[in-house]
1. Filter the range 27-37 down to residues that are modelled with pLDDT of 75 or more and either surrounded by fewer than 12 Cβ atoms within 10 Å (Cβ to Cβ) or touching a Ser or Thr at 6+ places or on another chain (Cβ under 7 Å) (or both) and give me whichever is farthest from Glu89 (Cα to Cα).
2. Here are the criteria: (1) outside any loop (DSSP other than H, G, I, E, B); (2) modelled with pLDDT under 95; (3) touching a helix residue (DSSP H, G or I) at 6+ places or on another chain (Cβ under 6 Å). Tell me which single one Phe54 does not satisfy.
3. In the range 94-101, is there at least one residue being of a type in the set (Ser, Thr, Tyr), touching a helix residue (DSSP H, G or I) at 6+ places or on another chain (Cβ under 8 Å), closer than 12 Å to Cys23 by Cβ and surrounded by 13 or more Cβ atoms within 10 Å (Cβ to Cβ)?
4. Report, by residue number, each residue of the range 57-71 that is among the polar types (S, T, N, Q) and assigned to a helix (DSSP H, G or I).
5. For the range 38-78, enumerate the residues that are surrounded by 15 or more Cβ atoms within 10 Å (Cβ to Cβ), farther than 18 Å from Ala18 by Cα and either in contact (Cβ under 8 Å) with a residue 40 or more places away in the chain or under 11 Å from the mean Cα position of the chain (by Cα) (or both).
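The values are calculated or read from the model by the stated rules, or taken from the named source; none is laboratory data. Given the structure is predicted, the values throughout are model-derived calculations rather than measurements. Glycine also receives a Cβ, built like all others from the backbone with ideal geometry; neighbour counts cover every protein chain displayed.
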Amino acid sequence: MAKNHSTQNRPKAKLHQAKTTHCGFFTFNKDHPELFAVNPGVPVTVALDEAGNFVSTARNIAHSAFCNPDADSMYSIYCLLEMAMAVIETANHSLKMEVCHEQ
């Protein structure tokens with residue numbers, strides 16, 4: 001028997017209401033705080049759009065640097081991916097909290 005994948009019984013997270021939480025990034029070692037952070041209160045939809053822009057830009061830089069890699073390009077890619085990952089982590093956390101709150 002096929003499983004019913006209906007969304008009727010699933011909690012409905014209000015994506016438009018979910019907001020980011022603080023999420024630091026660029027920790028260079030355990031004795032220092034994060035250099036940068038995602039600020040709390042940004043709508044998750046806006047934050048995820050920006051994360052997509054960071055990843056897209058990193059991909060474009062990587063494509064351009066593929067034949068002629070240089071340290072600046074590699075560091076730029078690293079920074080953009082760190083920022084995107086921090087945004088994705090806080091968005092994921094915020095959405096999980098929203099779902100738990102709905103239950």
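1. Of all residues in the range 27-37, those modelled with pLDDT of 75 or more come to 31-37.
Now narrow it down to the ones that are either surrounded by fewer than 12 Cβ atoms within 10 Å (Cβ to Cβ) or touching a Ser or Thr at 6+ places or on another chain (Cβ under 7 Å) (or both): 31-35.
Numbers: Asp31: 22, His32: 20, Pro33: 18, Glu34: 15, Leu35: 17 Å.
Selected residue: Asp31.
2. (2)
3. yes
4. Filtering the range 57-71 down to residues among the polar types (S, T, N, Q) leaves 57, 60, 64, 68.
Correct list: Thr57, Asn60, Ser64.
5. Hits for the range 38-78 are Phe54, Val55.
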